[in-house]
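The structure appears right after this line, and notes come after that.
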Amino acid sequence: MSSLKRIVSAAAIAGGLVAGAPAALAAGGGGHGPELKHQSWTFDGVFGRYDEEQLRRGWEVYENICKSCHPLDYMHYRNLEGIGYTTDEVKEIAARFEVQDGPDEWGDMFMRPATPLDPFAEPYENDAIAMLANGGVVPPNLSVINRARDHGADYVYSLLMGYEDDVPEWAMEEDPNFSLAPGKSFNSYFPGYAISMPQQLFEGIMEYTDGTPATAEQMATDVSAFLQWASEPELEERKSLGRYVMLFLLVLTGVLYAYKREVWKGAH
Ligand code: HEC
C-alpha cells in the first residue's frame, strides 16, 4: 500500500470511528424500562451550541425548585456570567442567598448575603439533615449528574417526566412482586423504579421571567440543558477545537494527495 493510501485509509477509519461512536453508545442502554425520551438538544452534534436563553430559564427552574434539595458543588455565582447574566445581575442573584462566614471578632460564625465570588450555597447544613428531610437519601450534587449518567440530558429530562401515579403494567410484568415502599415514588427511568424524590414539575408551579409558559415539559427541558452546561461549560470550545482539527486533517490530506500526484507525474 502506498503511504498516501495508508494515510487516506487511516483517515477514513478514524472518520468512521468518530461517526459511528454515538450509534454504538446509543445501542448500549440496558434492557429495562422504557426507552429514554430523547430530545433534540441545541448542543448536540459537531456544530452544537448552548442556547443561553434556555440556560437562563433552566437556572430559574433550578433556583425556584431544585436548589432547596440539591447542591451544585464546584460552581460559583460568578459562573452564571457564562450563561449571559451581567455582572450586576449576578451580584443581585448571589445576594438572594445566604452563606456562612466568620468567625467574627467574638469567634462566632455568622450568615451574610452571598457575593459572586462565593460557591453556591448548600441546601442542607450536613448530610444527616439532608437524609432526615428526604427519607434517608441525600439528594445528589447536580453539577456533574449529566456527565455521570449515559445520555445525561435525555436522562434528566426523562426522569423528571417519568413519574407514574400507579405502578404501570409493564413493571408488574417485569417483576410481579414489585411494590413501592412508603415515601417512594414510581419513576420509569430511575434504576429500580422506586425513587425518593417526589415528582417536582407541575404546570404553572413557577413563572419564567421571559414569559415562556411553564409547562412541565418546558421546565424539564430547560433545567436538563442548564445541568448539561453546569457539567460541561467548556463544550463549545471543545467542539470548535474538534472542527479545526478535522479541517486541518482534511487540508493535510488534500496537500498530500496533490504532492503525490506531482511526484508520480513523470513516472507514467
Ligand atoms: C424535595 C427535595 C428534592 C427536590 C426539590 C428535587 N429533588 Fe432531585 N432528588 C431528591 C432526592 C432525595 C434524590 C435521590 C433519589 C433516590 O436516590 O432515590 C434526588 C435525585 C435526583 C436525581 C438523580 C437521579 C439519579 O440518577 O441518581 C436527579 C437528576 C434529580 N434529582 C434532579 C432534580 C431536579 C432537576 C430538580 C429540580 C427540578 C430536583 N431534582 C428537585 C430530592 C429532590
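FYI, it's all coordinate maths here, none of it is from the lab. Not measured: the values here are computed from a predicted model. Counting neighbours? That spans all protein chains shown, and the Cβs are built from the backbone with ideal geometry, glycine included.
Across segment 42-108, the relative contact order, built from alpha-carbon pairs under 8 Å that are at least six residues apart, equals 22 percent.
Determine by what factor the alpha-carbon radius of gyration of the chain differs from 2.2 N^0.38 Å, reporting the quotient.
On the way: Rg = 24.6 Å, N = 268, 2.2 N^0.38 = 18.4 Å.
Rounded to two decimals, the normalised Rg is 1.34.
Averaged over residues, the count of other Cβ atoms within 10 Å places the peptides 58-64, 178-184 in the sequence 58-64, 178-184, highest first.
Taking the longest Cα principal axis of the chain as reference, the axis of helix 235-264 is set at about 10 degrees. Put simply, the amide H of His76, placed in the peptide plane, has neighbours under 5 Å in Phe120, leaving out anything fewer than 5 places away on its chain.
Wrap a convex hull around the Cα atoms of segment 186-263, take a quarter of its surface area, and give that in square nanometres.
Working: hull surface 39.5 nm².
Projected over every direction and averaged, the Cα hull of segment 186-263 covers 9.9 nm².
Relative to the dominant Cα principal axis of the chain, helix 3-27 is inclined by about 30°.
Would you calculate, for the chain, the mean residue ellipticity at 222 nm contributed by helices, counting each DSSP H stretch of 4 or more residues as -39,500 (n - 2.57) and dividing by all residues, to the nearest 500?
Numbers: 9 runs with 120 residues, N = 268.
Using -39500 (n - 2.57) per qualifying helix, the result is -14500 deg cm²/dmol.
Which residues among segment 206-240 fall inside the zone where the amide N is under 20 Å from a point 7 Å beyond the Cα of Ala95, along Cα→Cβ? Answer for segment 206-240: 209. Measure nothing but the geometry: give the 0 to 90° angle between the long axis through the Cα atoms of 152-161 and the longest principal axis through the Cα atoms of the chain, rounded to 10°. So the inclination is approximately 40 degrees.
Taking max minus min of the alpha-carbon positions on each principal axis, segment 73-138 gives extents of 38, 35, 18 Å, largest first.
Computed from the mean reciprocal separation of all distinct C-alpha pairs, what Kirkwood hydrodynamic radius does segment 136-241 have, in Å? Show your work: numbers first, answer last.
Working: mean 1/r = 0.0644 Å⁻¹.
Kirkwood radius, segment 136-241: 15.5 Å.
Here the 3J(HN,Hα) profile of segment 72-79, calculated from phi with Karplus coefficients 6.51, -1.76 and 1.60 at θ = phi - 60°, is 10, 5, 6, 9, 10, 4, 4, 4 Hz, Gly and Pro shown as x.
Here the Karplus relation 6.51 cos²θ - 1.76 cosθ + 1.60, evaluated at θ = phi - 60°, turns the backbone of segment 52-66 into coupling constants of 4, 4, 5, 5, 5, 4, x, 4, 4, 5, 4, 5, 6, 10, 6 Hz, with x for every Gly and Pro. For segment 73-138, the relative contact order comes to 32 percent (Cα pairs under 8 Å, sequence separation of at least 6).
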